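Notes follow the structure.
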Amino acid sequence: MTDTPKRYRAWEVYCRLLNEARPYWPHIGLLLVLGLLATPLKLFLPVPVKIAIDSVVGDEAVPRFLQGVIPEFIQTDGGALLVTAVALLILASLLWQMNSLAQWLLSNNMGQRLTLLFRSRLFRHVQRLSLVYHDSRGTTDSTYRIQYDAPAIRWVAMDGVIPFISSGAMLVGMITVIAILDWQLALVALAIVPVLLGFTRVWGRRLREQWRDAKLRQSIAMGVVQETMGSLRVVKAFGRENHEHERFLDSATRGVESELRVAGSQGSFDLAIGMTVAIGTAATLLIGIRNVQAGMLTVGELWMIWAYLTQVYGPLQTISRKIATLQGSIASAERVFSVLDEIPDVREKPDAAAIQRSRGAIRFEGVGFAFRSDEPVLQAVDLAVAPATRLGILGHTGAGKSTLVNLATRFYDPSEGRVLLDGRDLRDYRLDDLRNQFAIVLQEPVLFATSLAENIAYARPSATMQEIADAADAAGAHDFIKRMPEGYDTIVGERGMSLSGGERQRISLARAFLKNAPILILDEPTSAVDGDTEARIMEAMDCLMHGRTTLLIAHRLSTLQHCDHLLVLKNGRVVEDTTEVDATLQRHRLDPPEPVAVGEQSPTP
C-alpha cells in the first residue's frame, strides 16, 4: 500500500484523461462553446457604462460599432441614450447569467457522469488484477483510489482544460481591445504574464510533490480504519482499542501535516500571484491617469480599460491558480493511472478457447511457484487427478496446500511447469469459462450483507427460488432458514455475522450445490466448527462431492477419510501420492506434527 506511483508529465495526464472522457467529447465541445461565448458578453459589459459616462454625462459620440445599431435620434437625446445604456447593461448581464447557468448545469451533469465512467473502469480493472497484486498492496489502497482519486477526471476536464481555453480566449480578446484603446496599457498588462508563469512553474512542482505525499498519507490512515473495523472482535478481545486509536491518530496526524504543507504552499502561491497582479494594477492606474491628463484618453475610456484590466487579471489569476490547484488532481490521476497500467499476472490469451463443462481431469506437470524467486512455495509438483476423484491434500501450515488449489483455479499462474484441465493448459481457456468449472467452499465462508437467498444465488444469479431452496435443502440449511423471521429474505448482516459458523458454512455449501460445477474445492471446510456440526456438514459435503472431481484440504484427518486419493505435501514438495488412504491417515495420526517456522504461512484466495 505504500508504493510510490509512477511519475507522469502533466501533459501526459491531461491527454490520457481527455482520452478517457472520449464518450463525452460532444458535451465537452458544447461546454467549450459556451465558455467562448462568454468572452464577447464579458467584453460588452463595460460598454454601457462608457456610454453613460462619455456620451450622456460628457459629449463624446457612442462607440463606432454601435452607431449603426442605435437610432440617431436616441444618440442625440441624453435621456433616451441613458435608458438605452441601462437596457443594454441589463440585457448583457442577463445573457451573461444565462450563459453561466447553462455552463454550471452542463458541467455538473457531465462531471458526475465522467467520474462514474472513470471510477467504474478502475473498479473493473482492479477486480481483474491478480491476487498477488492485492496480497502485496492491500485492498484499502485500491478502495481509496476508486473512491477518492478517480474524480480527478472531473476536476481536470471541468476545472482544468475548459477554463484554460475559455480564459485564454477572454485574455486575448481583452488585451486586443485594450491595445486598440491604449497600447501602453496593453504592454503593462502583458508584462506580468512571464512573472505569473514563473511562479506557477515553481510552485506547481512543489505542490504536486506535496499532494502525492498527502494522498499516500490519507490512504494509509484509511487503511488503519478499515483494518481495525474488519478485526473489531479481535481488537475487543485483547483490549487493544486504545492502541488502535493511537495508531489511527498517528497516521491521521501525518496526513493532516501533509495537507497543512499543501495549504501553506498554496497560500504563499496565492500571495505571490495577488501581489504581482496588484503591482500590475497600480502601474496601469499610474499610466492611465497620466494619459487622461495628457488628453490621450477620456475618463470613460480609462474606466472601460480599467474594467477590462480587472477582467484581464481575472483570467490570468484563474489560469495560474488552476494550474496550482489542479496539482492535487494530477497527483490523484497519477495514482489511478499507475493502477490502470498494472498488467494482470493472470492474463487471457486473445484466442482463448471456450469450455462449457469439463470432465474434471486435472494434471500438474513439473509445477513450481514462488511469490519471490528466493522463496519457492511449490517445487516440481507432478500430479494426475482423474475425473470424479476425491483428492485429499494433507500437510503442515505453509506446505503449499492452498497454493496448489489456487493454481488449479488459475488465481495464480505457475512460475514453472503447467497445469492442465482435460489435457489442455489452463492458460489456453477463457478465464470466465475456466472459473465456471469450479465451486469453492473456504474455511471462512464469505457472505455478503444481503439476503440469504441472494447469498446462495451468488453462484447462479438466474436461479429460481425453488432451485435456491433445493440447494439449501441439499446443504442442510433449509430448516434453519425457514425458522428465521423472514426466511430466505432474512438479511445476514456484514460478512454474515448474524449467523453461526456452522450456518454460514452451510450457506456456502448451498451456493456450491447451486453452481453445480464439475470440480469442487474444499479448503478446510470444517476446521472452524465443532464435532457435531462437522458431522452434519460432512454429510452434506459427501452428497456434494458425488460425481465431482474434488480437491479437499483439511487438517482434521477424519475429514480426509471421505477421500479415495491422498496427497501429502512437505515444504512445497509432494512426499506421498497414494490411494492407500486409511493406512496413510493412520500413520499421520501417530506422527507428531512438525514445528512451523515463524512467519510461515500459505496465502488464501
Mind listing whichever residues of the range 355-383 are of a type outside the set (Asp, Glu) and touching a Phe, Trp or Tyr at 6+ places or on another chain (Cβ under 8 Å)? Ile355, Phe369, Pro376, Val377, Leu378, Val381, Leu383
Just to check your reading of the model, which residue among Leu45, Leu114 is at pLDDT 85 or above and buried (at least 16 other Cβ atoms within 10 Å of the Cβ)? Leu114
In the range 493-523, what count of residues is obtained for those that are modelled with pLDDT of 80 or more and either more than 36 Å from the chain's Cα centre (by Cα) or of a type in the set (Asp, Glu) (or both)? 2
Unmet criterion (only one of (1) in contact with a helix residue (DSSP H, G or I) (Cβ under 7 Å, 6 or more places away or on another chain); (2) farther than 26 Å from Gly398 by Cα; (3) in the same structural domain as His396 (by TED's automatic domain parsing); (4) not small (Gly, Ala, Ser)) for Thr526: (2)
Could you list, in sequence order, the residues of the range 459-469 that are surrounded by fewer than 18 Cβ atoms within 10 Å (Cβ to Cβ) and in contact (Cβ under 8 Å) with a residue 40 or more places away in the chain? Arg460, Glu467
Looking only at the range 253-270, count every residue that is aliphatic (A, V, I, L, M) and either at pLDDT below 85 or not assigned by TED's automatic domain parsing to the domain that holds Trp211 (or both) and tell me the total. 2
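Condition (residue is in a loop (DSSP other than H, G, I, E, B), assigned by TED's automatic domain parsing to the domain that holds Asp433 and touching a residue at least 24 places away in the same chain (Cβ under 8 Å)) applied to the range 480-501: is it met by at least one residue? So that I can check it myself, show each step before the final result.
Looking only at the range 480-501, we keep the residues that are in a loop (DSSP other than H, G, I, E, B), and these are 483-486, 490, 492-493, 497-500.
Right, trim to assigned by TED's automatic domain parsing to the domain that holds Asp433 and you get none.
No, the range 480-501 contains no residue that is in a loop (DSSP other than H, G, I, E, B), assigned by TED's automatic domain parsing to the domain that holds Asp433 and touching a residue at least 24 places away in the same chain (Cβ under 8 Å).
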Report every pair of residues separated by at least 6 positions or lying on different chains whose Cβ atoms are under 7 Å apart, first residue within the range 399-427 and assigned by TED's automatic domain parsing to the domain that holds Arg573, second among the basic types (Lys, Arg) and assigned to a loop (DSSP other than H, G, I, E, B). Asp422/Arg359; Leu426/Arg410; Arg427/Lys349
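Could you list, in sequence order, all residues of the range 12-56 that are farther than 30 Å from Glu334 by Cα, part of a helix (DSSP H, G or I) and out of contact with any Gly (no Cβ under 7 Å at 6 or more places or on another chain)? First the steps, then the outcome.
Taking the range 12-56 as the starting set, the residues that turn out to be farther than 30 Å from Glu334 by Cα are 37-56.
Add one more test, that the residue is part of a helix (DSSP H, G or I), and what stays is 37-44, 47-56.
Once the filter is applied, which keeps residues that are farther than 30 Å from Glu334 by Cα, part of a helix (DSSP H, G or I) and out of contact with any Gly (no Cβ under 7 Å at 6 or more places or on another chain), the range 12-56 yields Leu37, Ala38, Pro40, Leu41, Lys42, Phe44, Val47, Pro48, Val49, Ile51, Ala52, Ser55.
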Only one of Gly280, Gly328, Gly274 is within 30 Å of Leu89 (Cα to Cα), at pLDDT below 85, buried (at least 16 other Cβ atoms within 10 Å of the Cβ) and in the same structural domain as Val161 (by TED's automatic domain parsing), namely Gly280
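The values are calculated or read from the model by the stated rules, or taken from the named source; none is laboratory data. The model shown is predicted, which means the values in this text are computed figures rather than measured ones. In this analysis, Cβ positions are derived from the backbone assuming ideal geometry, glycine residues included, and neighbour counts consider all displayed protein chains.
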